[in-house]
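Data block below; observations after.
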Amino acid sequence: MEITKIVITGGPCGGKSSAIRWIVREFSQKGYTVIAVPETATELISGGVCPWTCGTNAEYQKCQMKLQLSKEAIFEQGIRTMPVEKVLMICDRGAMDNKAYMNEKEFAEVLAEVDETAETLLNRYDAVFHLTTAAKGRSEDYTMENNIARYESVEEAVELDDRLIACWEGHPRLRIIYSETTFEEKMEHLIGEINAYLETK
(Lines give C-alpha, C1' and ligand atoms only; values in the text may rest on other atoms or scores of the structure.)
Protein backbone atom coordinates (compact mmCIF):
# COMPACT_ATOMS: atom_id res chain seq x y z
CA MET A 1 0.00 0.00 0.00
CA GLU A 2 1.20 3.49 -0.87
CA ILE A 3 -0.02 6.21 1.54
CA THR A 4 0.66 9.84 0.64
CA LYS A 5 0.00 12.12 3.62
CA ILE A 6 -0.52 15.78 2.82
CA VAL A 7 -1.57 18.85 4.79
CA ILE A 8 -4.08 21.40 3.55
CA THR A 9 -3.49 24.49 5.63
CA GLY A 10 -3.97 28.21 5.26
CA GLY A 11 -5.13 31.44 6.78
CA PRO A 12 -8.70 32.18 7.86
CA CYS A 13 -11.15 32.00 4.95
CA GLY A 14 -8.49 30.47 2.74
CA GLY A 15 -10.86 27.87 1.30
CA LYS A 16 -9.68 24.69 3.03
CA SER A 17 -13.11 23.07 3.31
CA SER A 18 -13.89 23.65 -0.35
CA ALA A 19 -10.38 22.58 -1.31
CA ILE A 20 -10.80 19.23 0.41
CA ARG A 21 -14.02 18.61 -1.52
CA TRP A 22 -12.19 19.40 -4.76
CA ILE A 23 -9.33 17.05 -3.85
CA VAL A 24 -11.67 14.19 -2.94
CA ARG A 25 -13.50 14.54 -6.26
CA GLU A 26 -10.44 15.01 -8.47
CA PHE A 27 -8.20 12.31 -7.01
CA SER A 28 -10.92 9.73 -6.48
CA GLN A 29 -11.32 9.89 -10.26
CA LYS A 30 -7.59 9.28 -10.63
CA GLY A 31 -7.74 5.99 -8.72
CA TYR A 32 -6.83 7.16 -5.23
CA THR A 33 -8.72 6.27 -2.09
CA VAL A 34 -8.98 9.73 -0.53
CA ILE A 35 -9.27 9.97 3.26
CA ALA A 36 -9.79 13.33 4.99
CA VAL A 37 -8.81 13.93 8.64
CA PRO A 38 -11.01 16.75 10.03
CA GLU A 39 -9.60 19.91 11.60
CA THR A 40 -8.96 19.36 15.31
CA ALA A 41 -9.24 22.97 16.54
CA THR A 42 -12.75 23.39 15.13
CA GLU A 43 -13.86 20.15 16.79
CA LEU A 44 -12.53 21.20 20.19
CA ILE A 45 -13.66 24.83 20.07
CA SER A 46 -17.15 24.05 18.79
CA GLY A 47 -17.42 21.52 21.64
CA GLY A 48 -16.45 24.07 24.27
CA VAL A 49 -12.77 23.21 24.84
CA CYS A 50 -11.05 26.48 23.90
CA PRO A 51 -7.93 28.51 24.70
CA TRP A 52 -10.17 30.85 26.70
CA THR A 53 -12.04 28.12 28.61
CA CYS A 54 -9.01 26.02 29.58
CA GLY A 55 -6.74 27.06 32.46
CA THR A 56 -4.07 28.46 30.11
CA ASN A 57 -3.44 28.58 26.38
CA ALA A 58 -0.60 26.06 26.86
CA GLU A 59 -2.98 23.58 28.52
CA TYR A 60 -5.42 23.94 25.64
CA GLN A 61 -2.64 23.50 23.07
CA LYS A 62 -1.48 20.31 24.79
CA CYS A 63 -5.01 18.91 24.42
CA GLN A 64 -5.17 19.92 20.78
CA MET A 65 -1.78 18.49 19.86
CA LYS A 66 -2.47 15.19 21.62
CA LEU A 67 -5.85 14.82 19.91
CA GLN A 68 -4.43 15.76 16.52
CA LEU A 69 -1.56 13.29 16.65
CA SER A 70 -3.70 10.45 18.00
CA LYS A 71 -6.44 11.13 15.45
CA GLU A 72 -3.97 10.97 12.57
CA ALA A 73 -2.62 7.68 13.95
CA ILE A 74 -6.14 6.21 14.23
CA PHE A 75 -6.98 7.23 10.66
CA GLU A 76 -3.77 5.64 9.42
CA GLN A 77 -4.49 2.48 11.40
CA GLY A 78 -7.88 2.24 9.71
CA ILE A 79 -6.40 2.96 6.29
CA ARG A 80 -3.94 0.08 6.62
CA THR A 81 -6.83 -2.37 6.93
CA MET A 82 -8.32 -1.29 3.59
CA PRO A 83 -7.88 -3.52 0.52
CA VAL A 84 -6.61 -0.66 -1.66
CA GLU A 85 -3.30 0.27 -3.31
CA LYS A 86 -3.08 4.08 -3.39
CA VAL A 87 -4.28 6.30 -0.55
CA LEU A 88 -4.22 10.09 -0.42
CA MET A 89 -4.56 11.06 3.24
CA ILE A 90 -5.52 14.72 3.62
CA CYS A 91 -5.01 16.41 6.97
CA ASP A 92 -7.16 19.52 7.45
CA ARG A 93 -4.28 21.37 9.13
CA GLY A 94 -1.19 19.61 10.40
CA ALA A 95 0.59 19.53 13.73
CA MET A 96 2.86 22.50 12.98
CA ASP A 97 -0.15 24.79 12.46
CA ASN A 98 -0.56 24.78 16.23
CA LYS A 99 2.71 26.68 16.68
CA ALA A 100 1.12 29.81 15.17
CA TYR A 101 -1.12 30.11 18.22
CA MET A 102 1.64 29.87 20.84
CA ASN A 103 4.72 31.70 22.02
CA GLU A 104 8.06 29.87 22.06
CA LYS A 105 7.78 28.87 25.72
CA GLU A 106 4.29 27.40 25.21
CA PHE A 107 5.43 25.54 22.09
CA ALA A 108 8.36 24.03 23.99
CA GLU A 109 5.95 22.85 26.71
CA VAL A 110 3.70 21.22 24.13
CA LEU A 111 6.60 19.48 22.38
CA ALA A 112 7.77 18.07 25.72
CA GLU A 113 4.23 16.88 26.50
CA VAL A 114 4.02 14.82 23.31
CA ASP A 115 7.75 13.89 23.18
CA GLU A 116 8.27 15.40 19.73
CA THR A 117 10.48 18.03 18.10
CA ALA A 118 9.58 20.60 15.46
CA GLU A 119 11.58 18.52 12.98
CA THR A 120 9.69 15.29 13.69
CA LEU A 121 6.37 17.12 13.38
CA LEU A 122 7.39 18.55 10.00
CA ASN A 123 8.53 15.14 8.79
CA ARG A 124 5.14 13.52 9.52
CA TYR A 125 3.82 14.85 6.22
CA ASP A 126 4.89 14.28 2.62
CA ALA A 127 3.77 17.69 1.33
CA VAL A 128 2.11 20.85 2.65
CA PHE A 129 -0.21 23.13 0.67
CA HIS A 130 -0.98 26.54 2.19
CA LEU A 131 -4.05 28.43 0.93
CA THR A 132 -3.57 32.11 1.66
CA THR A 133 -6.42 33.92 3.39
CA ALA A 134 -8.92 35.77 1.23
CA ALA A 135 -7.93 38.79 3.32
CA LYS A 136 -4.76 38.88 1.18
CA GLY A 137 -5.66 40.05 -2.29
CA ARG A 138 -9.45 39.51 -2.16
CA SER A 139 -10.50 41.11 1.13
CA GLU A 140 -14.02 41.67 -0.23
CA ASP A 141 -14.48 37.88 -0.08
CA TYR A 142 -13.32 37.56 3.53
CA THR A 143 -16.06 36.34 5.89
CA MET A 144 -16.39 34.91 9.40
CA GLU A 145 -19.84 33.43 8.74
CA ASN A 146 -18.81 29.97 7.48
CA ASN A 147 -16.75 28.81 10.49
CA ILE A 148 -17.91 28.92 14.10
CA ALA A 149 -14.30 28.95 15.31
CA ARG A 150 -13.23 31.96 13.18
CA TYR A 151 -12.99 35.33 14.89
CA GLU A 152 -10.15 37.22 13.15
CA SER A 153 -10.51 40.64 11.54
CA VAL A 154 -9.03 41.20 8.05
CA GLU A 155 -5.82 42.58 9.58
CA GLU A 156 -5.59 39.72 12.09
CA ALA A 157 -6.23 37.18 9.32
CA VAL A 158 -3.29 38.54 7.30
CA GLU A 159 -1.00 38.41 10.34
CA LEU A 160 -2.09 34.86 11.20
CA ASP A 161 -1.61 33.75 7.59
CA ASP A 162 2.01 34.96 7.74
CA ARG A 163 2.60 33.14 11.03
CA LEU A 164 1.17 29.90 9.63
CA ILE A 165 3.45 30.05 6.60
CA ALA A 166 6.42 30.64 8.91
CA CYS A 167 5.53 27.51 10.90
CA TRP A 168 5.89 25.34 7.79
CA GLU A 169 8.88 27.05 6.15
CA GLY A 170 11.20 24.21 7.11
CA HIS A 171 9.23 21.69 5.05
CA PRO A 172 10.92 20.86 1.70
CA ARG A 173 7.60 20.47 -0.11
CA LEU A 174 5.69 23.52 1.08
CA ARG A 175 3.63 25.11 -1.70
CA ILE A 176 1.72 28.38 -1.28
CA ILE A 177 -1.53 28.86 -3.19
CA TYR A 178 -2.32 32.57 -3.48
CA SER A 179 -5.72 34.29 -3.36
CA GLU A 180 -5.36 37.05 -5.96
CA THR A 181 -7.15 34.98 -8.63
CA THR A 182 -10.75 33.80 -8.72
CA PHE A 183 -11.58 31.03 -6.27
CA GLU A 184 -11.97 28.48 -9.07
CA GLU A 185 -8.52 29.38 -10.43
CA LYS A 186 -7.13 29.05 -6.89
CA MET A 187 -8.57 25.54 -6.62
CA GLU A 188 -7.24 24.59 -10.05
CA HIS A 189 -3.79 25.84 -8.99
CA LEU A 190 -3.98 23.67 -5.86
CA ILE A 191 -5.02 20.56 -7.81
CA GLY A 192 -2.19 21.21 -10.26
CA GLU A 193 0.37 21.47 -7.46
CA ILE A 194 -0.82 18.22 -5.86
CA ASN A 195 -0.74 16.51 -9.24
CA ALA A 196 2.80 17.76 -9.86
CA TYR A 197 3.94 16.43 -6.48
CA LEU A 198 2.32 13.00 -6.94
CA GLU A 199 3.91 12.64 -10.38
CA THR A 200 7.37 13.02 -8.80
CA LYS A 201 6.83 10.20 -6.28
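The values are calculated or read from the model by the stated rules, or taken from the named source; none is laboratory data. Being a predicted model, the structure only gives us computed values, none of them experimental. Counting neighbours? That spans all protein chains shown, and the Cβs are built from the backbone with ideal geometry, glycine included.
Quick check on this structure: which one of Glu76, Glu39 is surrounded by 15 or more Cβ atoms within 10 Å (Cβ to Cβ), within 16 Å of the chain's Cα centre (by Cα) and under 26 Å from Ile194 (Cβ atoms)?
Glu39
So that you can scan it fast, the table gives a plain yes or no per residue for (1) crowded, with 16+ Cβ neighbours inside 10 Å; (2) among the polar types (S, T, N, Q); (3) in contact (Cβ under 8 Å) with a residue 24 or more places away in the chain:
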{"residue": "Thr33", "(1), (2), (3)": "yes, yes, yes"}
{"residue": "Trp52", "(1), (2), (3)": "no, no, no"}
{"residue": "Ala58", "(1), (2), (3)": "yes, no, yes"}
{"residue": "Ile90", "(1), (2), (3)": "yes, no, yes"}
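Residue under question is Lys201, and the condition is that it be over 14 Å from the mean Cα position of the chain (by Cα), over 14 Å from Gly14 (Cα atoms) and at pLDDT below 85; does it hold?
On the way: over 14 Å from the mean Cα position of the chain (by Cα): yes; over 14 Å from Gly14 (Cα atoms): yes; at pLDDT below 85: yes.
The answer is yes for Lys201.
Can you pull out every residue in segment 12-29 that is modelled with pLDDT of 95 or more and over 15 Å from Phe75 (Cβ atoms)?
Quick first cut of segment 12-29, residues modelled with pLDDT of 95 or more only: 19-29.
Selection gives Ala19, Arg21, Trp22, Ile23, Arg25, Glu26, Phe27, Ser28, Gln29.
Restricting segment 45-61 to residues that are modelled with pLDDT of 95 or more and part of a helix (DSSP H, G or I), which is nearest to Asn98 (Cα to Cα)?
Gln61
Which residues, counting only those in segment 1-39, are basic (Lys, Arg) and in a helix (DSSP H, G or I)?
The initial filter retains those residues of segment 1-39 that are basic (Lys, Arg), namely 5, 16, 21, 25, 30.
Result: Lys16, Arg21, Arg25.
Is it fair to say Ala135 is modelled with pLDDT under 95 and either in a loop (DSSP other than H, G, I, E, B) or surrounded by fewer than 21 Cβ atoms within 10 Å (Cβ to Cβ) (or both)?
Yes: the conditions hold for Ala135.
I'd like the full set of residues that are touching an Asp or Glu at 6+ places or on another chain (Cβ under 9 Å) and free of Cβ contacts under 8 Å to residues at least 12 places away in the same chain, limited to segment 60-70.
none
So, of the residues in segment 146-176 that are under 21 Å from Trp22 (Cα atoms) and not in a strand (DSSP E or B), which turns out to be modelled with the highest pLDDT?
Taking the candidates together, the pick is Arg173.
So Gln29 ticks every box in (1) surrounded by fewer than 16 Cβ atoms within 10 Å (Cβ to Cβ); (2) farther than 30 Å from Thr182 by Cβ but one. Which box is left unticked?
Here Gln29 meets the rest and fails (2).
Would you tally the residues in segment 102-132 being surrounded by 15 or more Cβ atoms within 10 Å (Cβ to Cβ), of a type in the set (Ser, Thr, Tyr) and modelled with pLDDT of 95 or more?
1
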